[in-house]
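Undergrad: Handing you a structure now.
The values are calculated or read from the model by the stated rules, or taken from the named source; none is laboratory data. Quick caveat, the model's predicted, so the values are computed rather than measured. Methodologically, a virtual Cβ is constructed for each residue, glycine included, from the backbone with ideal geometry; neighbour enumeration extends over all protein chains shown.
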Amino acid sequence: MPGLPTPLAEGARTYLRPFRHEDADEFTALARASRELHRPWLFPPDEPAAYAAYADRLIEDPARAGHLVCAREDDRIAGFININNIVRGAFLCGALGYGAFAHAAGRGLMSEGLGLVLRHAFGPLGLHRLEANVQPANTESLTFVRRAGFRPEGYSPDFLLVDGRWRDHERWAITAVPSRPPSAPSG
């Protein structure tokens, strides 16, 4: 599709690209068409004004990295995987937020997209750790992160405000290199 930005990463069936304001119509239409899939777990922006504010945060805030997962076959947006709350310094960590759109659900596009995000996060972004916080009854999301190699780290009651209520979440994480203690200095 002419005018699309250079992909951040490419796979066999998908590629990642950054959010743009020009994506508002496609993104919001897909979000409206996917309400049944997303509720009660997720509430992506489904109106242009809400999308503009959302995209502004992802584009302008250095503590966020927004990724649209697009299908190579037609350049349609399959979903999104954002890295939020990026902390640099000794932590080098971010928290994932993600969602598939209904037309792409169950096709493996988001799993490939997550693999691309992991490579991008642990490569060019220079992160060491990514976290995913998932509501316990959201079995599809739990399967998604487990399949990607995330490990369970705990359970947090009243962890995130979702749809006006504080919701319990399971905490999952993955690191760039498997955790191990630093080597003792020789000599």
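Undergrad: Can you tell me how many residues within segment 59-94 are of a type in the set (Gly, Ala, Ser) and buried (at least 20 other Cβ atoms within 10 Å of the Cβ)?
TA: Initial filter on segment 59-94 (of a type in the set (Gly, Ala, Ser)): 63, 65-66, 71, 78-79, 89-90, 94.
In the following step, the residues that additionally are buried (at least 20 other Cβ atoms within 10 Å of the Cβ) were identified as 65-66, 78-79, 94.
Adding up the residues that qualify gives 5.
Undergrad: Out of Ala95, Ala132, Ala52, report the one residue that is in a helix (DSSP H, G or I) and small (Gly, Ala, Ser).
TA: Details: Ala95 fails: in a helix (DSSP H, G or I); Ala132 fails: in a helix (DSSP H, G or I).
Going through Ala95, Ala132, Ala52 in turn, just one is in a helix (DSSP H, G or I) and small (Gly, Ala, Ser): Ala52.
Undergrad: Now for a different question. Which ones in segment 14-58 are of a type in the set (D, E, K, R), farther than 26 Å from Arg167 by Cα and buried (at least 17 other Cβ atoms within 10 Å of the Cβ)? Break it down stepwise before answering.
TA: Taking segment 14-58 as the starting set, the residues that turn out to be of a type in the set (D, E, K, R) are 17, 20, 22-23, 25-26, 32, 35-36, 39, 46-47, 56-57.
Going one step further and asking which of them are farther than 26 Å from Arg167 by Cα, we end up with 17, 20, 22-23, 25-26, 56.
The answer is Arg17, Asp23.
Undergrad: Can you tell me which residue is farthest from Ala105 (Cα to Cα) among those in segment 55-90 that are assigned to a helix (DSSP H, G or I) and of a type in the set (A, V, I, L, M)? Steps first, please.
TA: First pass over segment 55-90, keeping only residues assigned to a helix (DSSP H, G or I): 55-60.
Of the ones still in play, those that are also of a type in the set (A, V, I, L, M) are 55, 58-59.
Numbers: Ala55: 22, Leu58: 23, Ile59: 25 Å.
Selected residue: Ile59.
Undergrad: Hey, does segment 1-23 have a residue that's in a loop (DSSP other than H, G, I, E, B) and in contact with a His (Cβ under 6 Å, 6 or more places away or on another chain)?
TA: So in segment 1-23, the residues in a loop (DSSP other than H, G, I, E, B) come out as 1-8, 11-13, 18-20.
Filter again for in contact with a His (Cβ under 6 Å, 6 or more places away or on another chain), leaving 8.
Yes - at least one qualifying residue is present in segment 1-23.
Undergrad: Could you tell me which residue of segment 152-176 is surrounded by the most Cβ atoms within 10 Å (Cβ to Cβ), considering only residues that are charged (D, E, K, R) and out of contact with any helix residue (DSSP H, G or I) (no Cβ under 9 Å at 6 or more places or on another chain)? Write out each step before concluding.
TA: Step one: filter segment 152-176 for residues charged (D, E, K, R), giving 153, 158, 163, 165, 167-168, 170-171.
With the extra rule that they be out of contact with any helix residue (DSSP H, G or I) (no Cβ under 9 Å at 6 or more places or on another chain), the set shrinks to 153, 158, 163, 165, 167-168, 171.
Working: Glu153: 13, Asp158: 10, Asp163: 10, Arg165: 9, Arg167: 19, Asp168: 14, Arg171: 17.
Only one residue fits best here, namely Arg167.
Undergrad: So, one more: If only one of Ala9, Ala49, Ala63, Ala24 is of a type in the set (Gly, Ala, Ser), within 19 Å of Asn84 (Cα to Cα) and free of Cβ contacts under 8 Å to residues at least 60 places away in the same chain, which one is it? Write out each step before concluding.
TA: Details: Ala9 fails: free of Cβ contacts under 8 Å to residues at least 60 places away in the same chain; Ala49 fails: within 19 Å of Asn84 (Cα to Cα); Ala24 fails: within 19 Å of Asn84 (Cα to Cα).
After ruling out the rest, the residue left standing is Ala63.
Undergrad: State whether the residues of segment 134-143 include one that is without any contact (Cβ under 8 Å) to a residue 24 or more places away in the chain, more than 16 Å from Tyr98 (Cβ to Cβ) and over 17 Å from the mean Cα position of the chain (by Cα).
TA: Taking every residue of segment 134-143 in turn, at least one turns out to be without any contact (Cβ under 8 Å) to a residue 24 or more places away in the chain, more than 16 Å from Tyr98 (Cβ to Cβ) and over 17 Å from the mean Cα position of the chain (by Cα).
Undergrad: Ok, one more. I'm checking my understanding of the structure. Among residues of segment 149-174 that are farther than 25 Å from Gly113 by Cβ and among the hydrophobic types (A, V, I, L, M, F, W, C), which one is nearest to the chain's Cα centre (by Cα)?
TA: Leu161
Undergrad: While we're here: Among Arg88, Arg64, Arg72, which is the only one that is within 16 Å of the chain's Cα centre (by Cα), charged (D, E, K, R) and at pLDDT 95 or above?
TA: Numbers: Arg88 fails: within 16 Å of the chain's Cα centre (by Cα); Arg72 fails: within 16 Å of the chain's Cα centre (by Cα).
Of Arg88, Arg64, Arg72, the one residue that is within 16 Å of the chain's Cα centre (by Cα), charged (D, E, K, R) and at pLDDT 95 or above is Arg64.
Undergrad: Ok, one more. Can you pull out every residue in segment 120-151 that is surrounded by fewer than 12 Cβ atoms within 10 Å (Cβ to Cβ) and polar (S, T, N, Q)?
TA: Thr139
Undergrad: Among the candidates Glu47, Glu26, Glu73, which residue alone is in contact with a Ser or Thr (Cβ under 9 Å, 6 or more places away or on another chain) and farther than 21 Å from Arg146 by Cβ? Don't jump to the end; show me each part of the working.
TA: Numbers: Glu26 fails: in contact with a Ser or Thr (Cβ under 9 Å, 6 or more places away or on another chain); Glu73 fails: in contact with a Ser or Thr (Cβ under 9 Å, 6 or more places away or on another chain).
Glu47 is the lone residue from the list that is in contact with a Ser or Thr (Cβ under 9 Å, 6 or more places away or on another chain) and farther than 21 Å from Arg146 by Cβ.
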